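Structure, as structure tokens:
The values are calculated or read from the model by the stated rules, or taken from the named source; none is laboratory data. Note that the structure is a prediction, hence the values are computed from the model and not measured. Neighbour counts are summed over all protein chains in view; Cβ atoms, including those assigned to glycine, are modelled from backbone coordinates with ideal geometry. Heads up: the accessible areas ignore ligands, DNA and RNA and are worked out on the full protein's heavy atoms, side chains in. Shrake-Rupley method; radii C 1.70, N 1.55, O 1.52, S 1.80 Å.
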Amino acid sequence: MSASLVRATVRAVSKRKLQPTRAALTLVGLKVGVRTRGCNGLSYSLEYTKTKGDSDEEVIQDGVRVFIEKKAQLTLLGTEMDYVEDKLSSEFVFNNPNIKGTCGCGESFNI
């Protein structure tokens, strides 16, 4: 049996232009607001956004960016927002100390 011989030539490349790479993951911000809705008056609204509105307040905590709409800022003052998962559901939960009452289903509140 004869052994085959493989040759390779290595060359240094100079003046090579680096191409910018695209991010593997693009994160968007979460906008929190309050809408007049439900049987008790107000409910929270959540939507994704990439930019901060002119009157939005921006909160960055632990690398997470949240925008708060201007008309919801006083309503949400002191509120803890958490994401809860269990066997049947996953949802954002708002622990708001300003709430005076809620409806039976928990979807709306009043201040």
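Accessible surface comparison of V93, V64, probe 1.4 Å, protein chains only, largest first: the order is V64, V93. Note on surface exposure: Y83, Y44 rank Y83, Y44 by accessible area, highest first, 1.4 Å probe. Of the trypsin sites (Lys or Arg not before Pro) found in segment 45-81, the ones in coil according to DSSP and having at most 16 other Cβ atoms within 10 Å of their Cβ are K50, K52. Radius of gyration over Kirkwood radius for segment 33-76, both on Cα atoms: the Rg/Rh ratio is 1.01.
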